[in-house]
């Protein structure tokens, strides 16, 4: 067995502990209406746990540039540094900060670890996206009309178009898309934020979600692509260029062909990918953090591309004995 395979197997549970910590810290702020409070708690917890893991990692998708993000910024080195293999990380301590702040569903803490240079370091653009599960992965075309994509996905799933459920972010920019999906007769599930969990749900059983369509964040697309690959589904994306300024910024970052279609393999290359996520608020993909006096429960999912392993981890935390790592404090804190 190679050292890469050994390392992946060894760190799978460690990555779950990272997302669990971020989720437990963020969930204490649920419904308080303060996005900064939610984000700060999760970032501090995630960064604190990452400092304890035996990896030699670099953040390539994170909280932004160093001058804007004191922790988990792009380019930051994380881990103990003792591992001989370099890895890249894509992280989102809270995917759906406003969801947590407002007590809404489908917020998760998520991260991906992959071989160095295999995660596309996309800038903070938006992207057109279409995501489906394994049965329809070979049939979608992001450049095709909405009607055609709905037709082929329905056929691949052995259903009628009216049986499909399509998840779309509830944004004014999607008014035309929503109108077209409605005209075709498919069902629509509008979400306020959090298209990573929604896209992944298309490839998981018993979520009631068949497709994701619309425009969302480009960094989130990398996280989604890693999970979708592990599950055998597909994500197609294209940059959303709103004006000449967007086009100029894209060219400056090396994205010269603004019409190029990126597959999940383009965004997260190869087989050395480990994905982990923990629910913060209840959602289609994961149950959120729940408190029972001195106990708390979390539900996580961890996936490994190389072996196709998908594990759901249900954890009970004894808060009378458990502590949570704080990077700012440099020590364990009472949750």
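The values are calculated or read from the model by the stated rules, or taken from the named source; none is laboratory data. Please read these numbers as outputs of a predicted model, since none were measured by experiment. Reconstructed Cβ throughout: ideal geometry from the backbone, glycine too, with neighbour counts over all protein chains shown.
Things worth noting here:
Residue-wise test of (1) under 27 Å from residue 290 (Cα atoms); (2) within 19 Å of the chain's Cα centre (by Cα).
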{"site": "36", "(1), (2)": "yes, no"}
{"site": "42", "(1), (2)": "yes, yes"}
{"site": "45", "(1), (2)": "yes, yes"}
{"site": "53", "(1), (2)": "yes, no"}
{"site": "72", "(1), (2)": "yes, yes"}
{"site": "85", "(1), (2)": "no, no"}
{"site": "100", "(1), (2)": "yes, yes"}
{"site": "106", "(1), (2)": "yes, yes"}
{"site": "112", "(1), (2)": "yes, yes"}
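- Filter pass, residue 221 being under 18 Å from the mean Cα position of the chain (by Cα), at pLDDT 90 or above and more than 17 Å from residue 106 (Cα to Cα): no
- Filtered residues of segment 286-318 (kept if touching a helix residue (DSSP H, G or I) at 6+ places or on another chain (Cβ under 9 Å) and part of a loop (DSSP other than H, G, I, E, B)): 286, 288, 289, 305, 306, 307, 308
- Only residues that are assigned to a strand (DSSP E or B) and either in contact with a helix residue (DSSP H, G or I) (Cβ under 7 Å, 6 or more places away or on another chain) or crowded, with 23+ Cβ neighbours inside 10 Å (or both) were counted in segment 263-277, giving 6.
- Filter result (closer than 16 Å to residue 208 by Cα and not in a strand (DSSP E or B)) within segment 159-179: 159, 160, 161, 162, 163, 164
- Per-region count, segment 219-250, residues farther than 19 Å from residue 138 by Cα and not in a helix (DSSP H, G or I): 5
- Criterion: touching a strand residue (DSSP E or B) at 6+ places or on another chain (Cβ under 8 Å), over 24 Å from residue 114 (Cα atoms) and assigned by TED's automatic domain parsing to the domain that holds residue 193 - qualifying residue of 252, 245, 259: 259
Residues checked against (1) in contact with a helix residue (DSSP H, G or I) (Cβ under 9 Å, 6 or more places away or on another chain); (2) at positive phi; (3) surrounded by fewer than 23 Cβ atoms within 10 Å (Cβ to Cβ):
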residue: 183; (1), (2), (3): yes, no, yes
residue: 219; (1), (2), (3): no, no, no
residue: 226; (1), (2), (3): yes, no, no
residue: 233; (1), (2), (3): yes, no, no
residue: 241; (1), (2), (3): yes, no, yes
residue: 244; (1), (2), (3): no, no, yes
residue: 260; (1), (2), (3): yes, no, yes
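- Scanning segment 137-153 for residues that are more than 26 Å from the chain's Cα centre (by Cα) and not in a helix (DSSP H, G or I) returns a single hit, 145.
- Members of segment 17-38 found to be in contact (Cβ under 8 Å) with a residue 24 or more places away in the chain and surrounded by fewer than 16 Cβ atoms within 10 Å (Cβ to Cβ), listed by number: 31, 32, 33, 34
- Positions within segment 118-136 being in contact with a strand residue (DSSP E or B) (Cβ under 7 Å, 6 or more places away or on another chain), part of a loop (DSSP other than H, G, I, E, B) and at pLDDT 95 or above, in sequence order: 118
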